[in-house]
Amino acid sequence: MAVASAAPGSIFCKQLLFSLLVLILFCDACQKISLQVPSHLQAETLVGKVNLEECLKSSSQILSSDSAFRILEDGSIYTTHDLLLSSEGKTFSILLSDSQRQEQKEIEIVLLAREEKASKKRHTKDRVLKRSKRRWAPIPCSMIIQSDAAQNYTIFYSISGPGVDKEPFNLFYIEKDTGDIYCTRSIDREQYDQFLVYGYATTADGYAPDYPLPLLFKVEDDNDNAPYFETKMTVFSVPENCRSGTSVGQVTAIDNDEPGTLHTRLKFKILQQIPDHPKHFSIHPDTGVITTTTPLLDREKCDTYKLVMEVRDMGGQPFGLFNTGTITISLEDENDNPPYFTETSYFTEVEENRIDVVILRLKVHDLDLANTPHSKAVYTILQGNENGNFKISTDPNTNEGILCVVKPLNYELNRQVVLQIGVLNEAEFTKAANSQTPPSMCTTTVTVKIKDSDEGPECEPPVKIIQSKDGLPAGKELLGYKALDPETRSGEGLRYQKLGDEDNWFEINEHTGDLRTVKVLDRESKFVKNNQYNVSVVARDAVGRSCTGTLVVLLEDFNDHPPKIEKDVTICKHDKDYALLEPEDDDGPDNGPPFQFFLDNSANKLWTIESKNGKQGVLRAKQNLDYNYYSVPIQIQDRHGLSAKHVLSVRICDCTTPSDCRMAVKDERDIKPGNVILGKWAILAMVLGSALLLCIMFTCFCVTTKRTVKKCFPEDVAQQNLIVSNTEGPGEEVTEANIRIPTQTSNICDTSMSVGTLGGQGIKTQQSFEMVKGGHTLESSKGVGQGGIDTGRYAYTDWQSFTQPRLGEESIRGHTLIKN
């Protein structure tokens, strides 16, 4: 058995029997190719493989000159029937043509039957062999390994490497005498695609005349793996009514044979469609993309299709291996079927005055997918419900239309109502590909018969408005609320009762429903809203059936309230010199502004007032008044002359905003400890006054100490009394120790140290002095005693009576005191 080689040192072998050796050649382009094959070839046997692209790049047609051989697109040569080669072999040609370039090429193939060779032995007399470099090699197109030394000597051949003495073991062996290499068993290319084996040539005595020769055995792929679909069961979906050519999905398959060969060139096709009529789908043979062939896919007719698919290798040729699979295509629902009523008309009845009652259920059919927006119904009352007596909704469980009465029906007004009801889907209607216009809304007619019932009184309208004058006195009658019996259309036999009367203004006549006032009606009452006062009334018939109505008393405004001002005002001198008065009038706009403002005669001397925009008054002082509280009597008159006098309390304050004002109290006796807050100006004035007083006292002390004068105070100042003598000269009881008389009239005594009082007749000198403070002068008394001597001192009380009022005046002017 021989093995074929594709190139020097290369062998392609796969699943070869001991009796078959296949030679695969990659020779120069379009040259003669010789293949050594067994003399007996069976049908459909792979003889070899030729690289056609090296001869002609693009071949549109591949033919064999001998019908005994078949040439595939990848250059594989197969026998078409059993063939027995003679010793001369067999020759044929491969014809290649390119129709676009108008080229033709020819490759000559020579098949040679393998011959046995006799081995030669090396003679012992040839003692020396010269080693030559690479002088032995596999003969092209032959698997017999020979050495140059074999022409003269007996050479033994051996091999080693994977497939020989390495995994997989014993796959190849070589005849040591001939150099023929054999494959012992079939090889799976998907497991081993090539083997690198080294060949050795040695003499009988073990001498190696040549270097080891590397042999690369490439395993030629055999089409032994059928393609298969990646997924056993594939499911695609496509919308119904889609256009022709819409892509549904792509199927893929796997072939484990060698990529890029005919063994893995796959073709797809649809074997069967279930249901098979009409044909809706096609598949691209190379890509496996499934598309629609018609726009007539209708889910309502058939929602699922199954396609039996085939995938075949060898470019889809009949002898290629194949596999099948099933594809499921589900149609997605579209809203292409409108809902329609099961009946063209309906009839129902209901008693009058019934509300919130179901009177009818309407059923519809929809061919689209259930429980989806494509089939869920939306009902609409198109006609007959102008008064809003009915409402229709959808039952989410049954998809039925529920017709209800939501507003009472009156038998006396209308004994029958005819409704027109339409239905659509929640989802917008989808126009089918084969449809030109969408269908119109489906409608039906519902006739509702109203049944008469013995009903109670009717309070119509539910709210009745009557007018009354403001200030209407008690005991006056007003027209009340009137109810009717719907059967007799009269109010006879009805009894009335008051349900609501917040301020108890009225009493009601049980038989007529008229009202009588029990209080004076006052539009300005807190119970009156928007000039309206509400009275709720219930009317009952003889058997106790009732209705309720509301009587609205609309009060006409009467000018019975003069304008008034309820709060005091503040004039902040640092902000503005006037106060803005905003009076209020409880009467309505017709009896309110414009207002006129007047001052009392007693206030005209200090104040002026004028009107601003008819609603406000501006009060100003005529002169610069002190910070204080002032009472200003004013009179405010409305547009009809109704007026009232008010004594307005006006506060003039040293502030910027009224909230900052801390007004001093009017009387110092009102100041209570812990209840007075001193302002910043008051504190400053007190500090300055105290500093001034200290300066005066310090000045007097300094002057007294510099001048050598006798004290003008008695020595017994601590006892606070003087001994009075009526003699011209000092008596026994009058000594220098207890009185001293100044010798100069210009001396100023330290009066701050005079704390005594004069007892009896005072002794005075002609001395005089004056203290000037704020324009006030204090002169000494010029009285003369019996002794003719003038005294030159003032008591502490005299000094205090002079200084304190002036200091207090400054404090009041410069300070702000506020009682807490």
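Listed values, structure above:
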| quantity | calculated |
| --- | --- |
| Subset of region 190-203 [part of a loop (DSSP other than H, G, I, E, B) and either modelled with pLDDT under 85 or farther than 10 Å from Ile155 by Cα (or both)] | Glu190, Gln191, Tyr192, Asp193 |
| Count of region 288-299 residues which are open to solvent by less than 60 Å² (accessible area, probe 1.4 Å) and either touching a Lys or Arg at 6+ places or on another chain (Cβ under 8 Å) or part of a loop (DSSP other than H, G, I, E, B) (or both) | 7 |
| Boolean, Leu16 is part of a loop (DSSP other than H, G, I, E, B), modelled with pLDDT under 50 and surrounded by 21 or more Cβ atoms within 10 Å (Cβ to Cβ) | yes |
| Residue under evaluation Asn389, criteria (1) within 15 Å of Val358 (Cα to Cα); (2) open to solvent by 60 Å² or more (accessible area, probe 1.4 Å), criterion not met | (2) |
| Out of Glu220, Glu230, sole residue that is in contact with a Phe, Trp or Tyr (Cβ under 9 Å, 6 or more places away or on another chain) and acidic (Asp, Glu) | Glu220 |
| Breaking point among (1) farther than 30 Å from Phe347 by Cα; (2) open to solvent by less than 20 Å² (accessible area, probe 1.4 Å); (3) in a loop (DSSP other than H, G, I, E, B), for Ala474 | (2) |
| Residue selected from region 548-570 under the condition under 23 Å from Lys464 (Cα atoms) and buried (at least 20 other Cβ atoms within 10 Å of the Cβ), by the criterion modelled with the lowest pLDDT | Leu555 |
| Among (1) without any contact (Cβ under 8 Å) to a residue 60 or more places away in the chain; (2) within 30 Å of Gly75 (Cα to Cα); (3) open to solvent by 50 Å² or more (accessible area, probe 1.4 Å), the one test that Tyr228 misses | (1) |
| Some residue of region 649-668 being farther than 30 Å from Glu582 by Cα, modelled with pLDDT under 65 and touching a helix residue (DSSP H, G or I) at 6+ places or on another chain (Cβ under 8 Å) | yes |
| Out of Val251, Val219, Val235, sole residue that is among the β-branched types (Val, Ile, Thr) and open to solvent by 70 Å² or more (accessible area, probe 1.4 Å) | Val235 |
| Cross-chain or 6+ apart pairs with Cβ under 6 Å, region 208-222 first and more than 16 Å from Asp74 (Cβ to Cβ) and assigned to a loop (DSSP other than H, G, I, E, B), then open to solvent by 20 Å² or more (accessible area, probe 1.4 Å) and hydrophobic (A, V, I, L, M, F, W, C) | Pro209/Leu129 |
| Those residues of region 572-602 which are at pLDDT below 75 and closer than 16 Å to Ser649 by Cα, in sequence order | Ser602 |
| Filter result (open to solvent by less than 50 Å² (accessible area, probe 1.4 Å), at pLDDT 85 or above and in a loop (DSSP other than H, G, I, E, B)) within region 484-511 | Leu494, Asp501, Asp503, Trp505 |
| Condition met for Ile274 (loosely packed, with under 14 Cβ neighbours inside 10 Å, under 29 Å from Pro162 (Cβ atoms), aliphatic (A, V, I, L, M) and without any contact (Cβ under 8 Å) to a residue 60 or more places away in the chain) | no |
| Hits in region 371-386 (condition: in contact (Cβ under 8 Å) with a residue 12 or more places away in the chain, closer than 20 Å to Ala427 by Cβ and surrounded by fewer than 17 Cβ atoms within 10 Å (Cβ to Cβ)) | Thr372, Pro373, Val378, Thr380 |
| Residue in region 349-361 that is of a type in the set (Val, Ile, Thr), over 27 Å from Glu428 (Cβ atoms), modelled with pLDDT under 95 and in a loop (DSSP other than H, G, I, E, B) present | yes |
| Filtered residues of region 52-69 (kept if open to solvent by 40 Å² or more (accessible area, probe 1.4 Å) and within 20 Å of Leu112 (Cβ to Cβ)) | Ser65 |
| Selection from region 31-51 of residues that are open to solvent by less than 80 Å² (accessible area, probe 1.4 Å), more than 25 Å from Thr264 (Cα to Cα) and out of contact with any Gly (no Cβ under 6 Å at 6 or more places or on another chain) | Ile33, Ser34, Gln36, Val37, Pro38, Ser39, Leu41 |
| Test: residue in region 83-95 that is out of contact with any strand residue (DSSP E or B) (no Cβ under 8 Å at 6 or more places or on another chain) and more than 21 Å from Met314 (Cα to Cα) | yes |
| Entirely in region 389-447, the strands (runs of 3 or more DSSP E) that have 3 or more residues that are more than 41 Å from the chain's Cα centre (by Cα) and modelled with pLDDT of 90 or more | 416-425 |
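Every residue, every condition in (1) within 30 Å of Asn51 (Cα to Cα); (2) modelled with pLDDT under 90; (3) not in a strand (DSSP E or B), yes or no:
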| site | (1), (2), (3) |
| --- | --- |
| Thr231 | no, yes, yes |
| Val238 | no, no, no |
| Gly245 | no, no, yes |
| Gly260 | yes, yes, yes |
| Leu271 | no, no, no |
| Ser282 | no, no, no |
| Lys301 | no, no, yes |
| Thr328 | no, no, no |
| Leu331 | no, no, no |
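The values are calculated or read from the model by the stated rules, or taken from the named source; none is laboratory data. Note that the structure is predicted; figures quoted are calculated from it, not measured. Every residue, glycine as well, gets a Cβ built from its backbone with ideal geometry; the counts of neighbours run over all protein chains shown. What goes into the accessible areas is simple: the full protein's heavy atoms, side chains included, and nothing from ligands, DNA or RNA. Shrake-Rupley method; radii C 1.70, N 1.55, O 1.52, S 1.80 Å.
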